[in-house]
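Peer 1: First, the structure itself, so that you have it in front of you.
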Amino acid sequence: MTRPIHGQLIAVLVLLGSTVQAAETQRYYVSIQGNDRWSGKLPEPSADGRDGPFATLPRAQKAVRADKKTGLKQPVEVIIGEGTCRLAEPLVFGPEDSGTESTPITWQAKGKAILSGGRTITGWRETTLNGKTVWAAEIPEVENGQWYFHQLFVNGQRRHRPRLPKQGSYRFAGSPQFKKGAPYNQGYDQVNFEPGHIRDWRNLSDVEVVAMHFWVSPRLQIAKVDETANLVTFTAKTKRRLTNSFDEGKFARYYVDNVREALTEPGEWYLDRAEGTLYYLPMPGETIVGTTVIAPHQPELLRLAGEPGQGSQVQYLTFRGLTFEHAEWYSTKENVADGQASIAVPGAVYLTHALHCTVRECVVRHVSNYGIEVAAGCHDITIENSVVTDLGAGGIKVGHKSNRTRVANNEISNGGHLFHNAVGVWIGQSNENTVAHNDIHHFYYTGVSVGWIWGYAPSLSARNVIEFNHIHHIGQGLLSDMAGVYTLGISPGTCVRNNLIHDIEADEYGGWGLYTDEGSSEIVMENNVVYRTTHGGFHQHYGKDNVIRNNILAFAKHAQIARTKEEEHNSFTFERNIVYFDTGSLLGGRWKNDRFKMDNNLYWRVNAQPFDFAGATLEAWRQRGHDRNSAVADPLFVDPSKDDFTLKPGSPSEKIGFVPIDLSGVGRVK
């Protein structure tokens, strides 16, 4: 069959049009083989050595700015060659660096291009410390007070400072500031310890006590130690009393970090501020000659810094394929970093008043901070196909007074190394954001947090969508009051759907899969699969008119569903869910006032073990108006013991209107 001639012409014209468009892109090149006196328009040095790529990013930035002054007529790409660029200061892009919708500007890697805020430590020698053979390097900037760092990376791996105990934790013995019946949010700066757990060590002001209580982990610097009274005094007060949680009789767990006398295990390091000396106890097989040691020097790696007002924002910039690593922000003696979700910790990549900007196929790693922060005044930001990992704090922050950020198809993992109460993805008072198809795992607090108003006050958080994420290994038994997905405040139009959430483990209480905390209202949570949580698949502290439907909630250790505060309005509607468990109770908390709606659910306890409905029989529960069309029956999962919650043919779930959940699209799309 012969194609019509006009079809062939259209195809040719489309091809020619795309070729012309590609040819019209203005390109600059940056290479470790470059020279800032060259034009930057060649990817390699010319044969005569008279032209070639730029050597530095600031020079390329200057060239693009010059093009802007004459008026951009085509898109611009800055191609950054393979190699490591040690940043003497953060890269800053302002409004003068902006592209436009028709002429966007892209900063793109060719090969593995690394932008590092770290410095390589050299000059190692062998010596002895605490009876161990260690490496030592003198750092003049540390000795003269110009540099101090809290992280170290050896051959690309994070190493840790010496701590006590080596595993697990101690527990405070009490506090002279404890007052029975006092509010929990009256903090302490003095606590008692068991004999020998804290001592008047060398360089005491650099030792930190890291408490783990409630949902936070303050880092407390020591002012003095009284070994006779077993009393330690800190340089600042905590925000909350140093009990484990709300139980007055149980004090908090803690460990002691950065103890010089505790440098005894391979992989540990200690920076002696007074001496200006870094000590490292090498791992087996490591040699001075073959080992690269890097310490972070910059608090921030990339900043897009716009201002309020038309024409003052940063616009239409894309960063693609770049690796950002080695940044450090740290708390002060006056700031113990115990705010919820560690929101005071900034991002190593920071955007403020930026519009239509993208971070794509990038890596952010080896930082003390949050990986990426989208701050006030931003909208239409995209973070996609990237890896944000090995983090001192959390993954991605989407701040107040921003909107329409898309966080999609990323790995966000292994956070909270320094600030344990940080979050995988945190969204504050911000609306119309999407968090989709991400793998979010191994944080000590929450996976995704949405909203930042406690109670029913007006909130800017609305119409946020959290969907198709794989969220797992959250909490890890360190803190309390957390979830795979956690919400706060009124949030109409917000939807949490089609997520796979599992292995949520709290310390004392509150390891939930789905958690509508204080004031959470008008939120829909549907088509999620949640299993292996310590305290419940779903919990509502208090809120109004939430809808929890068509979810699978399985294998919580305590209660499967929890409700804490009773109010006079409808708390939530719980319908068409499958609840499957083998231990604990079905319902936990308060269920007396009947201001909730539950129906068309399927409940089953393994091996047909009996259970009740908050102390009531099913018949009595139905007489109160709940679950009149629900059933108690085996849902016929294929193999729930191996995490396969596929339904077999003939499942009784069909009778309650349950729609099977397809997990094939959950997590990152390769």
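Bear in mind that the values in this text are calculations on the coordinates, not laboratory data. Bear in mind that the values here come from a model prediction, so they are computed numbers and not experimental data. Neighbour counts are summed over all protein chains in view; Cβ atoms, including those assigned to glycine, are modelled from backbone coordinates with ideal geometry.
Peer 1: For the range 433-506, restrict the atom set to alpha-carbon positions and state the Rg and Dmax in Å.
Peer 2: Rg then Dmax for the range 433-506, in Å: 12.5, 34.
Peer 1: Using bins 5 angstrom wide from zero, how does P(r) for the range 197-294 break down, in % of all Cα pairs?
Peer 2: 2, 11, 18, 19, 17, 12, 10, 6, 4, 1, 0
Peer 1: Still on this structure, please answer the following. Below 8 Å, C-alpha to C-alpha, sequence gap of six or more: please give me the relative contact order for the range 221-314 in percent. Don't skip to the answer; put the middle values down first.
Peer 2: On the way: 69 pairs, mean separation 10.2, N = 94.
The value is 11 percent.
Peer 1: Starting from the Cα of GLU248, step 7 Å along the direction of its Cβ; do the same at LYS69; then give the gap between the two resulting points in nm.
Peer 2: My value for the distance between the label points is 7.0 nm.
Peer 1: Another question about this same structure. Within the set of other residues whose C-beta is less than 15 Å from the C-beta of ALA506, count the net charge using Lys and Arg as +1 and Asp and Glu as -1.
Peer 2: Details: positive: LYS250, ARG253, ARG532, LYS557; negative: ASP247, ASP481, ASP503, GLU505, ASP507, GLU508, ASP517.
Around ALA506, the surrounding residues sum to -3.
Peer 1: According to a simple spin-label model (label point 7 Å from Cα along Cα-to-Cβ), what is the distance in nm between ARG86 and ILE32?
Peer 2: The two pseudo-label positions are separated by 1.2 nm.
Peer 1: Can you list the residues, at least 5 places off or on another chain, whose amide H is less than 5 Å from the amide H of HIS160, using H built in the peptide plane?
Peer 2: TRP269
Peer 1: How large is ³J(HN,Hα), in whole Hz, for each residue of the range 92-97 in order, when computed from phi with the Karplus curve 6.51 cos²θ - 1.76 cosθ + 1.60 and θ = phi - 60°, using x for Gly and Pro?
Peer 2: Couplings: 10, 10, x, x, 5, 9 Hz.
Peer 1: THR405: net charge of surrounding residues, Cβ under 14 Å, Lys/Arg +1, Asp/Glu -1, itself excluded? Display every interim value, and only then the final one.
Peer 2: Values: positive: ARG360, LYS397, LYS401, ARG404, ARG406, ARG463; negative: GLU373, ASP380, GLU384, GLU432.
Overall, the nearby charge balance is +2.
Peer 1: Additional query: Give me the dipole magnitude in Debye, nearest 20, for the chain about the Cα centre, with unit charges on the beta carbon: positive for Lys and Arg, negative for Asp and Glu. All intermediate terms of the calculation are to be shown ahead of the outcome.
Peer 2: Numbers: 68 positive and 73 negative charges, 119 e Å.
So the magnitude is around 580 debye.
Peer 1: Still on this model: Using the structure shown, list the pairs from LYS73/LYS397; LYS565/LYS597; LYS180/LYS333 with a Cα-Cα distance above 26 Å, or answer none. If you can, show how the numbers build up before the last one.
Peer 2: Values: LYS73/LYS397 34 Å; LYS565/LYS597 15 Å; LYS180/LYS333 28 Å.
As for pairs spanning more than 26 Å Cα to Cα, those are LYS73/LYS397; LYS180/LYS333.
Peer 1: Related question: If you line up the Cα atoms of the range 19-82 on their principal axes, what length do they span on each, largest first, in Å?
Peer 2: Here the Cα extents, ordered largest to smallest, are 29, 26, 22 Å.
Peer 1: Putting +1 on Lys and Arg Cβ atoms and -1 on Asp and Glu Cβ atoms, find which of GLN340, HIS366, VAL435 reaches farthest to the positive end of the dipole of the chain.
Peer 2: VAL435
Peer 1: Under the definition of Cα pairs under 8 Å and six or more residues apart, what whole-number percent is the relative contact order of the range 261-384? Could the numbers behind the result be given before it?
Peer 2: Numbers: 225 pairs, mean separation 29.7, N = 124.
Dividing the mean separation by the residue count of the range 261-384 yields 24 percent.
Peer 1: Also: Below 8 Å between Cα atoms, with a sequence gap of 6+, how large is the relative contact order for the range 172-263 in percent?
Peer 2: The value is 35 percent.
Peer 1: Another one. Which order do the peptides 491-504, 169-182 come out in when sorted by mean C-beta neighbours inside 10 angstrom, highest first?
Peer 2: Working: 491-504: 23.1, 169-182: 14.0.
By packing density, highest mean first, the sequence is 491-504, 169-182.
Peer 1: Can you give the extra length, in nm with one decimal, that the chain gains between GLN167 and ARG125 once fully stretched, where that is 0.36 nm per residue apart less the Cα-Cα distance?
Peer 2: Details: separation 42, 0.36 × 42 = 15.12 nm, distance 2.94 nm.
So the extension gain works out to 12.2 nm.
Peer 1: Another question, if that's okay. Treating the beta-carbon of each Lys and Arg as +1 and of each Asp and Glu as -1, no other charges, what is the dipole magnitude of the range 120-294 about its Cα centre, to the nearest 20 debye? Mind showing how you got there, number by number?
Peer 2: On the way: 22 positive and 20 negative charges, 168 e Å.
Roughly 800 debye for the range 120-294.
Peer 1: Report, ordered by chain and residue number, the lysines lying within cross-link reach of LYS166, taken as a straight Cα distance under 21 Å and ignoring same-chain residues fewer than 8 apart.
Peer 2: Leaving aside lysines fewer than 8 places away in the same chain, those within reach of LYS166 are LYS132.
Peer 1: Now for a separate question. What spacing in nm lies between the two simple spin-label points modelled at ARG158 and GLN623, each 7 Å away from Cα in the Cβ direction?
Peer 2: So the label points at ARG158 and GLN623 sit 5.6 nm apart.
Peer 1: Find the eigenvalues of the gyration tensor of the Cα atoms of the chain, then list the square roots of 5 times those eigenvalues as equivalent ellipsoid semi-axes, largest first, in whole angstrom.
Peer 2: Numbers: eigenvalues 393, 294, 91 Å².
Working from the Cα gyration tensor, I get semi-axes of 44, 38, 21 Å.
Peer 1: Give me the orientation-averaged projected area of the Cα convex hull of the range 133-172, in nm², one decimal. Working shown, then result.
Peer 2: Values: hull surface 20.2 nm².
The Cα convex hull of the range 133-172, projected and averaged over all directions, gives 5.0 nm².
Peer 1: Another question about this same structure. Per residue, how much space in cubic angstrom lies within the convex hull of the C-alpha atoms of the range 40-134?
Peer 2: Each residue corresponds to 173 Å³ of Cα convex hull volume.
Peer 1: Separation of the range 414-445 and the range 492-568 by C-alpha centroid, Å?
Peer 2: So the two Cα centres are separated by 17 Å.
Peer 1: Let me check I've understood the local charge: for ASP481, count other residues with C-beta under 12 angstrom from its C-beta, Lys and Arg +1, Asp and Glu -1. What total comes out?
Peer 2: On the way: positive: ARG240; negative: ASP507, GLU508, ASP517, GLU518.
Result for the neighbourhood of ASP481: -3.
Peer 1: In debye to the nearest 20, how big a dipole does the range 288-366 give about its Cα centre with +1 on each Lys and Arg Cβ and -1 on each Asp and Glu Cβ? List each step's numbers first, then the result.
Peer 2: Details: 5 positive and 7 negative charges, 45 e Å.
Value, rounded to 20: 220 debye.
Peer 1: Right, something else. Please report, for the Cα atoms of the range 120-294, the Rg to one decimal and the Dmax as a whole number; what are they, in angstrom?
Peer 2: Both quantities, over Cα of the range 120-294: 18.0, 60 Å.
Peer 1: Any idea how far the Cα center of the range 284-353 sits from the one of the range 77-148, in Å?
Peer 2: 11 Å
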